[in-house]
Amino acid sequence: MIEFLRDFQNMSMYLAYNTNVDAIIYLNEKHIQTLIKEFGAENVKKRMQEYPREINEPLDFVARLIHALKTGKPQSVPLMSYEVDKWFNSRFEHGVERIGGQVGIIANLLANLDFKKVIAYSPLLGKKQAEMFVRRDNLLYPVVENGKLILKKPLEAYKEDDPVKINRIFEFRAGMRFNLGNEVIEVPYSGRFIVACRSEEFARVETSSNFKPYLPEIGEMVDGAILSGYQGIRNHYTDGKNANYYLRKAKEDIKLLKKKKDVKIHVEFASIQDRDLRKKVIFNIFPLADSVGMDEAEIAHILSVLGYRDLSDRIFTYNRIEDTILGAKILLDELNLEVLQIHTIYYLMYITHRDNPLSEGDLLKSLEVGTTLAATRALLGDIKRPEDVKVGLNIPFNEKGEYVKLRLEEALSKMRTREYKIVITPTRIVKNPVSTVGLGDTISAGAFASYLSLLMRKGAY
Ligand code: ADP
């Protein structure tokens with residue numbers, strides 16, 4: 001681990017496209033009673049019966065919130081209009097604000113691990129967003145000034161008018177009481193109600209036209225790129241653009257990054273509900289990537305749209321390691337990836353073709369970096385400096401690990417795996433994690449960065 005931390009200090013990484021702010025709001029009875037008074041109990045009840053699936057105006061929010069409070073069930077509802085944001089800001093104060101989005105999470109992680117340079121790009125960079133990045137000299141945002149590429153600290157690069165994507169997490173406690181007309185409601189369970197911002201401003205996953213010509217320069221400057229956020233693309237946009245348009249642009253970006261130097265690209269996949277869109281992202285983006293990371297549910301989703309329904313169902317239902325390996329082989333081959341990384345709660349897996357320059361032992365070390373970082377983050381909530389990783393190293397590999405390894409041996413003896421390298425490490429699991437947000441991203445960033453450092457040590461990259 002220590003050797004890797006040392007290597008990281010000489011490594012640079014480019015990250016695009018998604019950042020946001022996660023705001024936690026601690027709800028109290030007064031908040032709720034004020035909302036009911038403002039909109040009128042009868043109107044709220046009526047809208048609750050209509051059960052809006054998305055939030056287009058404040059009353060939709062109030063209705064779904066009261067519904068969630070009444071049942072005590074955690075829920076997430078998409079907010080479709082940025083206009084409503086102003087309303088939220090005028091009514092609620094944020095208790096805690098954290099950076100979100102894969103780029104946001106990974107940028108702060110790598111910068112705190114003392115990477116040489118972390119270049120984090122998102123098409124929009126409003127002030128509040130810029131403030132959420134850690135303030136370190138190695139974390140930079142690309143801007144073009146007078147026809148030249150300049151890397152600036154986010155706080156010197158933000159644009160005052162850029163909207164900021166805020167996902168609001170309303171925390172509520174069991175036992176809170178309020179009146180809805182003549183009905184008295186007591187919240188049965190503690191939980192959270194999430195308003196996830198899905199407004200169109202944030203669905204334009206692309207590189208700005210003035211920065212785009214400099215992507216070859218960026219590719220030459222860094223040791224790797226981690227791309228994510230494709231799940232934010234929509235099928236249709238109000239100006240007539242569509243997913244095909246944005247995916248064509250996304251492909252151009254990858255080709256440009258690789259133009260001067262064949263820089264390795266990792267794509268971090270996140271679940272996409274819409275099947276057509278999921279399929280498009282897989283077929284357009286994966287073949288251009290060198291490395292892809294995902295969790296077990298996501299590999300099942302992907303296999304399902306690739307036509308392997310039975311296998312997909314089996315992974316969902318039984319979580320058997322041999323099914324995951326079979327699925328991983330299919331993905332690696334059909335999309336011709338260099339390396340595929342899968343994280344699950346009990347183990348992490350790499351699969352590569354036999355000709356991969358790294359040995360099984362090397363690959364194992366790289367996975368261990370991933371789980372050690374995740375365990376550190378789970379325990380501390382955040383990784384603030386390289387030394388923090390010591391606490392992760394003290395967290396034992398989970399007890400199911402030995403069993404998982406046995407199952408792997410068994411699976412490998414039965415399957416045709418001679419053309420592959422497949423390695424698995426048990427995860428280090430923290431019993432009472434401070435937070436589990438972003439653990440998957442942490443695993444993938446750590447695994448990919450250490451994979452690159454091993455390739456470089458071997459002179460194979
Ligand atoms: P997210 O999208 O929130 O990052 P993922 O499902 O992609 O979540 O990844 C979560 C991963 O984090 C799991 O596969 C597991 O390896 C790891 N993980 C989850 N809980 C813990 C924990 N308590 N301690 C250590 N690692 C954990």
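Anything in region 221-240 that is of a type outside the set (Asp, Glu), in contact (Cβ under 8 Å) with a residue 24 or more places away in the chain and not in a helix (DSSP H, G or I)? List them, or say none.
Our first condition is that a residue be of a type outside the set (Asp, Glu); within region 221-240, this holds for 221-222, 224-238, 240.
Now narrow it down to the ones that are in contact (Cβ under 8 Å) with a residue 24 or more places away in the chain: 221-222, 224-235, 237-238.
Selection gives VAL222, GLY224, ALA225, ILE226, LEU227, SER228, GLY229, ILE233, ARG234, ASN235, TYR237, THR238.
Being in contact (Cβ under 8 Å) with a residue 40 or more places away in the chain and out of contact with any strand residue (DSSP E or B) (no Cβ under 7 Å at 6 or more places or on another chain) is the filter here; which residues of region 259-281 pass it?
Listed by number, the residues that qualify are LYS259, LYS260, LYS261, ALA270, SER271, ILE272, ASP276, LEU277, VAL281.
Could you tell me whether region 195-205 includes any residue that is of a type in the set (Phe, Trp, Tyr), within 16 Å of the ligand (Cβ to nearest atom) and either at pLDDT below 95 or under 17 Å from the mean Cα position of the chain (by Cα) (or both)?
The initial filter retains those residues of region 195-205 that are of a type in the set (Phe, Trp, Tyr), namely 202.
The next check asks that each one be within 16 Å of the ligand (Cβ to nearest atom); those that pass are none.
Within region 195-205, none of the residues are of a type in the set (Phe, Trp, Tyr), within 16 Å of the ligand (Cβ to nearest atom) and either at pLDDT below 95 or under 17 Å from the mean Cα position of the chain (by Cα) (or both).
Given the criteria within 21 Å of SER122 (Cβ to Cβ), under 17 Å from the mean Cα position of the chain (by Cα) and not in a loop (DSSP other than H, G, I, E, B), does ILE272 qualify? Before you say what the answer is, go through the steps one by one.
Details: within 21 Å of SER122 (Cβ to Cβ): yes; under 17 Å from the mean Cα position of the chain (by Cα): yes; not in a loop (DSSP other than H, G, I, E, B): no.
For ILE272, the condition - within 21 Å of SER122 (Cβ to Cβ), under 17 Å from the mean Cα position of the chain (by Cα) and not in a loop (DSSP other than H, G, I, E, B) - is not met.
Collect the residues in region 313-327 that are outside any helix (DSSP H, G or I) and over 14 Å from ASP295 (Cβ atoms), keeping them in residue-number order.
Going through region 313-327, the residues outside any helix (DSSP H, G or I) turn out to be 319-320.
Passing the criteria: only ARG320.
If you take the residues in region 405-461 that are of a type in the set (S, T, N, Q) and in a loop (DSSP other than H, G, I, E, B), which one is farthest from the ligand (Cβ to nearest atom)? I'd like the intermediate steps shown before the answer.
Narrowing region 405-461 to residues of a type in the set (S, T, N, Q): 413, 417, 425, 427, 432, 435-436, 442, 444, 450, 453.
With in a loop (DSSP other than H, G, I, E, B) added as a condition, the list becomes 417, 427, 432, 435-436.
On the way: THR417: 23, THR427: 5, ASN432: 8, SER435: 9, THR436: 5 Å.
The qualifying residue farthest from the ligand (Cβ to nearest atom) is THR417.
Based on what the data block shows, is ILE315 in contact with an Asp or Glu (Cβ under 7 Å, 6 or more places away or on another chain), within 27 Å of SER435 (Cα to Cα) and among the hydrophobic types (A, V, I, L, M, F, W, C)?
Numbers: in contact with an Asp or Glu (Cβ under 7 Å, 6 or more places away or on another chain): yes; within 27 Å of SER435 (Cα to Cα): yes; among the hydrophobic types (A, V, I, L, M, F, W, C): yes.
Here the answer is yes, as ILE315 does meet what is asked.
Can you name every residue in region 331-390 that is buried (at least 20 other Cβ atoms within 10 Å of the Cβ), away from the ligand (no atom under 16 Å from the Cβ), assigned to a loop (DSSP other than H, G, I, E, B) and under 21 Å from the mean Cα position of the chain (by Cα)?
Scanning region 331-390 gives a single hit, LEU337.
Of everything in region 398-424 that's surrounded by 14 or more Cβ atoms within 10 Å (Cβ to Cβ), out of contact with any helix residue (DSSP H, G or I) (no Cβ under 8 Å at 6 or more places or on another chain) and closer than 29 Å to LEU109 by Cα, which residue is modelled with the highest pLDDT?
So the residue we want is ASN398.
So, VAL77, is that one more than 30 Å from GLU220 (Cβ to Cβ), surrounded by 18 or more Cβ atoms within 10 Å (Cβ to Cβ) and under 20 Å from the mean Cα position of the chain (by Cα) or not? First the steps, then the outcome.
Numbers: more than 30 Å from GLU220 (Cβ to Cβ): yes; surrounded by 18 or more Cβ atoms within 10 Å (Cβ to Cβ): yes; under 20 Å from the mean Cα position of the chain (by Cα): yes.
In short, yes.
Of the residues that sit in region 174-204 and are surrounded by 14 or more Cβ atoms within 10 Å (Cβ to Cβ) and of a type in the set (Lys, Arg), which one is farthest from PHE92 (Cα to Cα)?
ARG204
This table checks each residue for (1) outside any helix (DSSP H, G or I); (2) within 14 Å of the ligand (Cβ to nearest atom); (3) closer than 25 Å to LEU367 by Cβ.
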{"residue": "PHE283", "(1), (2), (3)": "no, no, no"}
{"residue": "VAL292", "(1), (2), (3)": "yes, yes, yes"}
{"residue": "ILE299", "(1), (2), (3)": "no, yes, yes"}
{"residue": "SER304", "(1), (2), (3)": "no, no, no"}
{"residue": "GLY307", "(1), (2), (3)": "yes, no, no"}
{"residue": "LEU311", "(1), (2), (3)": "no, no, yes"}
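Out of region 391-400, which residues are touching a residue at least 24 places away in the same chain (Cβ under 8 Å) and either under 30 Å from ASN138 (Cβ atoms) or more than 10 Å from the ligand (Cβ to nearest atom) (or both)?
GLY392, LEU393, ILE395, PRO396, PHE397, LYS400, listed by residue number.
The values are calculated or read from the model by the stated rules, or taken from the named source; none is laboratory data. What you are looking at is a predicted structure, and each value in this text was computed from that prediction instead of being measured. Positions of Cβ are backbone-derived with ideal geometry, glycine not excepted, and every protein chain shown enters the neighbour counts.
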